[in-house]
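Following: one structure in structure tokens, then a few remarks.
The values are calculated or read from the model by the stated rules, or taken from the named source; none is laboratory data. The structure presented is a predicted model; accordingly, all values stated were derived computationally and were not measured. Note that we place each Cβ from the backbone using ideal geometry, even for glycine, and neighbour counts take in every protein chain shown. Quick note on the areas: whole protein, heavy atoms, side chains included, nothing else; ligands and nucleic acids left out. Shrake-Rupley method; radii C 1.70, N 1.55, O 1.52, S 1.80 Å.
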Amino acid sequence: MKLATRLASGLIAAAAAFSFAAGVAHAEDKQITLGFAQVGAESAWRTANTVSVKAAAKEAGINLKFSDAQQKQENQIKAIRSYIAQKVDVIAFSPVVESGWEPVLQEAKRAKIPVILTDRNIDVKDQSLYVTMIGSDFMEEGRRAGKWLEDHYKNNPGPINIVELQGTVGSAPANDRHAGLIEVIKNDPKFKIIASQSGDFTLAGGKQVMEAFAKTYGNKINVVYAHNDDMALGAIQAMEEAGMKPGKDVSVVSFDATKGGFEAMIAGKMNVDVECSPLLGPQLMSAVKDVVAGKQLPKRIVTNETVFPESVAAQVLPSRKY
Ligand code: GZL
């Protein structure tokens, strides 16, 4: 082969290699755009979760499009549709309820936009509609609360009457924190759930429901089982206004382990707080980058959590991040 031809083919090969490398580099450098459809701003937990997602996106150099659905599924669906129309790289959301997601997630699948679930799970047959679910095991949280009750009342023959303040109707945390409790106490007849009603995870909702329970059941109530701290704090207000002593005459069991929950335990008004971490931002951004890079992800990424009895609240509170 003549020298000129060899030189030309060498230059062409070099140019091709350079443009491929540039292309890959460009692909690696192209800023990722994430569309995130948040549930709302219903609780201290949710506020901390939003702060975590936004801070982690900034830290990761990810362009975040964020929407607040005000706890309405139709708003989350609208937000997801708008992210599809904007051709974002990845969609993530915390499903306000477990059902009703197939149509919009099939649209995302057809648009070849990967979907990541955070915080709450969905109930779908087609598991290919989302890449992974990052969040707590709410059944285990319910079991932990049930085990605390079993231990706290082990020398008490009962009856132990429980009133339950449930979270948002149809949501994974409400369904599973209830189911986890039942799994533990179902074979112990001294425990009875005498009333159960949704306070929608809000302080006002918890207070309103507890006012009605206090009127109806009064001193028959031994335990308030609140699916989150905001409802527990509302219930504490209602009990005090009704002349009851939360944390003393009535055991208060709650979830989230927010600062408000720790402060209530230190004040002797809450007895145990089952941790549910909202700090999911860093894990979410790492998963987003992995998905864009074409890496395989486990279908379920469970956050590690524990249980805080009132006895440790004062010592632990300074180290809490939310
Ligand atoms: C749990 C989360 C729940 C919290 C509430 O992961 O979905 O929603 O327990 C929040 O405080 O409103």
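What does DSSP give for the chain in terms of the percent of beta bridges that are antiparallel, rounded to the nearest 5?
5 percent
To test your reading of the geometry: what angle, between 0 and 90 degrees and rounded to tens, separates the Cα axis of helix 281-292 from the longest principal axis of the chain?
Value to nearest ten degrees: 30.
Apply 1/(1 + (r/R0)^6) to the Cβ-Cβ distance of LYS112 and VAL316, taking R0 = 45 Å, and write down the FRET efficiency to the nearest 0.05.
0.50
Starting from the Cα coordinates of region 274-322, work out the convex hull volume and express it per residue in Å³.
Dividing the Cα hull volume of region 274-322 by its residue count gives 79 Å³.
Based solely on its DSSP helices, what 222 nm [θ] is calculated for the chain when runs of n ≥ 4 H residues each add -39,500 (n - 2.57) and the sum is averaged over all residues, nearest 500 deg cm²/dmol?
Calculated mean residue ellipticity at 222 nm is -14500 deg cm²/dmol.
Helix 44-60 against the longest principal axis of the chain: what's the angle in degrees, Cα atoms only, rounded to the nearest 10?
20 degrees
Hey, how many Å between the Cα centroid of region 80-111 and the Cα centroid of region 195-227?
Answer, in whole Å: 35.
For a quick check: with amide H placed at 1.01 Å from N, whose amide H comes under 5 Å from ASP123's, ignoring anything fewer than 5 positions away on the same chain?
SER99
Among GLU59, GLU305, GLU140, which one shows the biggest mean-square fluctuation in a GNM of the chain, springs joining Cα atoms closer than 10 Å?
Judging by the Gaussian network model, the answer is GLU59.
Can you sort ASP68, ASP29 by 1.4 Å-probe accessible area, starting with the largest?
ASP29, ASP68
Working from Cα positions, state the angle (0 to 90°, nearest 10) between the long axis of helix 73-85 and the longest principal axis of the chain.
In the chain, helix 73-85 runs at an angle near 10 degrees to the longest axis.
Distance in nm between label sites at ASP126 and ASP68, each 7 Å beyond Cα in the beta-carbon direction?
3.3 nm
Which FRET efficiency, nearest 0.05, do VAL169 and GLN31 yield, Cβ-Cβ r, R0 51 Å?
The pair VAL169/GLN31 has a calculated efficiency of 0.85.
What trypsin sites (Lys or Arg not before Pro) in region 139-175 are in a loop by DSSP, with at most 10 other Cβ atoms within 10 Å of the Cβ?
Those that pass, being in a loop and sparsely packed, are LYS154.
Once you sort the root eigenvalues of the Cα gyration tensor of region 138-276 as a ≥ b ≥ c, which label holds: rounded (a/c under 1.5), prolate (a/b larger than b/c) or oblate (the other case)?
Since a/c stays below 1.5, the shape of region 138-276 is classed as rounded.
I'd like to compare 164-174, 226-236: which one has the highest average count of other Cβ atoms within 10 Å, and what's the full order after that?
Ranked by mean Cβ neighbours within 10 Å, highest first: 226-236, 164-174.
Quick check: from the Cα gyration tensor, does the chain come out rounded (a/c under 1.5), prolate or oblate?
Prolate, since a/c reaches 1.5 and a/b exceeds b/c.
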